[in-house]
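*Asks:* My questions will all concern the structure given below.
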Amino acid sequence: MQSGLPELTNNHGGPTAICVIWEIGDVPVGDLFAVVAKILDKPTIERCNRLYWEKDQKRYLCSHFLRRVLLSKLTGMPKDEILFATNRFGKPYLIYGGSHRSAEKWNFNVSSSGNRVAFVATNAGQCGIDIETFSGDERQPDLKQMSKADIFSGREKEFLISGPGSLKERFYQIWTLKEAYLKYTGRGLGGFIS
């Protein structure tokens, strides 16, 4: 797990945005629990414990830890007082209540894949992010078959078939842009559009 977090600075009242990609590393999940258990709430820890694979547990813990720590820095709210709710599509957002009603409003989004967690936040509107990592030893989807799916528009399918670079590069370029946009709108993958 990366040892440091970025230094956040004031933008003199103007719109601010931050994007962090965090490399998880080879820390055993038990060691992660020891660090994050003090910061994450009980339901988050319980959901993590229900995940079967250790790699999924690590991504889950790190994404929720990073989200809480960075939002605490951005809003000035103590980590243990940050509360989340979700919209009707499941996109999380901050609840500003009690003494934090006047805190600067931040929108955020998180994505994780492989050994990385990405976090984006802005006080200037909605945001969305998606990352995908892959290596030669992981089982890959049938990209040729997926490129024919209804989730892609005609122009996207043309790009997949004949655009520059490899099919894998073209596929993930469109996929991550599309998923980040859907997360930006708050609809998530359930709102896939072509």
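The values are calculated or read from the model by the stated rules, or taken from the named source; none is laboratory data. All figures in this text were calculated on a predicted structure; none of them were measured in a lab. With ligands, DNA and RNA removed, areas are computed over all heavy atoms of the protein, side chains included. Shrake-Rupley method; radii C 1.70, N 1.55, O 1.52, S 1.80 Å.
*Asks:* Where only protein heavy atoms count, and the probe is 1.4 Å, what is the accessible area per residue for region 21-107 in Å²?
*Replies:* Heavy-atom SASA per residue in region 21-107 reads 58 Å².
*Asks:* Let me ask something additional. Can you send over the solvent-accessible area of Glu169, 1.4 Å probe, protein chains only, in Å² to the nearest 10?
*Replies:* Roll a 1.4 Å probe over it and Glu169 shows about 110 Å².
*Asks:* Would you work out what percent of the accessible area of region 28-97, with all protein chains in place, is carbon or sulfur (probe 1.4 Å)?
*Replies:* C and S fraction of accessible area: 54 percent.
*Asks:* Could you work out how much longer the chain between Leu143 and Arg47 gets when fully extended? Use 0.36 nm per residue separation minus the Cα distance between them, nm to one decimal.
*Replies:* 31.4 nm
*Asks:* Here's a follow-up. Structure shown: which of Lys144/Lys178; Lys58/Lys144; Lys148/Lys183; Lys38/Lys183; Lys73/Lys178 lie over 26 Å apart, alpha-carbon to alpha-carbon?
*Replies:* Violating the 26 Å Cα-Cα cut-off are Lys58/Lys144; Lys38/Lys183; Lys73/Lys178.
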